[in-house]
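Peer 1: Structure provided below as structure tokens; questions to follow.
The values are calculated or read from the model by the stated rules, or taken from the named source; none is laboratory data. Not measured: the values here are computed from a predicted model. Glycine gets a Cβ as well: all are built from the backbone with ideal geometry, and neighbour counts include every protein chain shown. Each accessible area value is taken on the protein alone, full model and side chains, heavy atoms only, with ligands, DNA and RNA left out. Shrake-Rupley method; radii C 1.70, N 1.55, O 1.52, S 1.80 Å.
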Amino acid sequence: EAIVIRVKFNDTDASSPFIVDGSPSIEFRKSDIDEGAVSFQATEVIGTVDYELEISDGHHMETITLSVETVPQTLEVIKVIAVPIVQGDKSVVISQDHLLVNTDSNVEDVMFNVTRGPSHGTVQLHGQEDTLSTFTLEELTARAVAYHQDDISQSSDSLQFVVSNRFRQLAEMTLNVVVKPLVRFAEEPKFSYADEFIAVKDMMDVSELHSVAGSEVKVTVLQAPAHGSLVWRTTRQRREISSSIEGFSSVDLAEDRVVYVKHEHAPAGTYQDGFEARLTADGVQPANTMVSFTIDRSIPPSVITAAPTTEP
């Protein structure tokens with residue numbers, strides 16, 4: 001006779017943790033065990049649970065107690081390393097090289113919940129545009145998670161996250177993003193109020209991006225300065241300066257052709273100004289950036305405020 005094993009439950013609504021051929025069952029045969037068809041699905045309750053099993057061969061029956069102890073699954077983050085990205089690159093994969101988790105959970109059960117997203121980019125599934133608020137260890141292992149860079153004027157970024165599985169949640173952690181610069185911006189640039197011409201090349205440097213792209217970098221002015229104008233540097237008198245320019249190139253910057261001049265009705269004291277621009281170059285992601293600076297009355301004038309150049 002076949003040996004039959006039946007699970008006794010006091011709670012008639014309880015689902016059996018014994019899985020036979022993929023489905024919960026309260027009854028199975030010894031032959032099912034021998035064939036590897038029976039598995040046990042742990043509950044989410046940590047501790048020991050006793051199960052009464054009735055074993056019968058058709059003539060005799062015996063009841064035994066099976067004790068099953070459920071212990072917490074291992075879950076720990078053993079490495080968090082900053083994600084490097086080259087300025088102008090569209091995105092970079094976040095992988096186990098940056099986030100390494102030690103766990104005996106199923107990879108699809110380990111969740112990364114983004115509690116604070118990056119300030120200058122987004123977390124996305126590689127090749128998609130939707131912003132992620134959660135992703136799994138399975139997606140991380142498959143190199144499917146990416147940081148998408150939105151603002152190339154920033155040298156760093158970060159995001160915060162918590163890791164969890166069905167049993168526990170770890171403390172909040174921070175993943176940093178470090179940007180290798182190809183475009184450099186002066187840090188809090190200040191210029192003399194007395195200077196009639198202020199060189200834009202002293203505000204930004206795109207020479208490295210020009211070198212990497214192997215072609216000119218185009219800078220398109222999206223929003224002009226509020227209290228001045230960007231114009232070509234010439235030796236003409238201020239009253240003869242042409243209208244504001246709509247864009248310039250890396251060559252124009254290198255040759256110091258582009259300058260900022262104050263409007264006649266600019267604030268009488270120290271003031272802040274700036275312009276928004278879009279940078280484009282072969283092989284890199286187009287990006288918008290804000291170039292800000294201060295015109296300061298306390299700074300003495302430069303020795304030279306204008307130099308002979310040829311207007312392009």
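Peer 1: Given the criteria among the aliphatic types (A, V, I, L, M) and either closer than 23 Å to residue 181 by Cα or assigned to a loop (DSSP other than H, G, I, E, B) (or both), does residue 219 qualify? It would help to see each step written out before you state the result.
Peer 2: Working: among the aliphatic types (A, V, I, L, M): yes; either closer than 23 Å to residue 181 by Cα or assigned to a loop (DSSP other than H, G, I, E, B) (or both): yes.
Against the criterion (among the aliphatic types (A, V, I, L, M) and either closer than 23 Å to residue 181 by Cα or assigned to a loop (DSSP other than H, G, I, E, B) (or both)), residue 219 qualifies.
Peer 1: From the residues in the stretch 1-35 that are among the acidic types (Asp, Glu) and closer than 16 Å to residue 58 by Cβ, which one is modelled with the highest pLDDT?
Peer 2: 27
Peer 1: Ok, one more. Which of the residues spanning the stretch 126-149 are of a type in the set (S, T, N, Q), without any contact (Cβ under 8 Å) to a residue 40 or more places away in the chain and open to solvent by less than 30 Å² (accessible area, probe 1.4 Å)?
Peer 2: The one that is of a type in the set (S, T, N, Q), without any contact (Cβ under 8 Å) to a residue 40 or more places away in the chain and open to solvent by less than 30 Å² (accessible area, probe 1.4 Å): 136.
Peer 1: Additional query: Give me the strands (runs of 3 or more DSSP E) completely within the stretch 110-203, filtered to those with at least 2 residues that are at pLDDT below 95 and among the small types (Gly, Ala, Ser), ordered by residue number. Before the answer, list the steps.
Peer 2: On the way: elements: 111-116, 121-125, 134-136, 145-149, 156-164, 173-180, 190-192.
In the stretch 110-203, 156-164 are the strands (runs of 3 or more DSSP E) which contain 2 or more residues that are at pLDDT below 95 and among the small types (Gly, Ala, Ser).
Peer 1: Additional query: Which ones in the stretch 78-109 are open to solvent by 30 Å² or more (accessible area, probe 1.4 Å), in a strand (DSSP E or B) and more than 21 Å from residue 180 (Cα to Cα)?
Peer 2: Scanning the stretch 78-109 gives 78, 79, 100, 102, 103.
Peer 1: Give me the pairs, please: first residue somewhere in the stretch 157-171 and without any contact (Cβ under 8 Å) to a residue 60 or more places away in the chain, second residue anywhere and buried (at least 20 other Cβ atoms within 10 Å of the Cβ) and part of a strand (DSSP E or B), beta-carbon distance under 6 Å, and either six or more positions apart or on two chains.
Peer 2: That search, which allows pairs on different chains as well, returns 157/121; 157/177; 159/175; 161/112.
Peer 1: OK, next. Residues being more than 48 Å from the chain's Cα centre (by Cα), part of a strand (DSSP E or B) and surrounded by 15 or more Cβ atoms within 10 Å (Cβ to Cβ): count how many of those fall in the stretch 17-52.
Peer 2: Matching residues across the stretch 17-52 total 2.
Peer 1: Moving to a separate point now. What pairs come up if the first residue lies in the stretch 96-108 and is farther than 17 Å from residue 162 by Cβ, the second is assigned to a strand (DSSP E or B), and their beta carbons are under 6 Å apart, counting only those six or more places apart or on different chains?
Peer 2: If the second residue must be assigned to a strand (DSSP E or B), the pairs left are 108/136.
Peer 1: Any idea how many residues of the stretch 170-189 are open to solvent by 10 Å² or more (accessible area, probe 1.4 Å) and more than 17 Å from residue 79 (Cα to Cα)? Before the answer, list the steps.
Peer 2: We begin by selecting, within the stretch 170-189, every residue open to solvent by 10 Å² or more (accessible area, probe 1.4 Å); these are 170-174, 176, 178-181, 184-189.
After this cut, where a residue has to be more than 17 Å from residue 79 (Cα to Cα) as well, the list is 179-181, 184-189.
Qualifying residue count, the stretch 170-189: 9.
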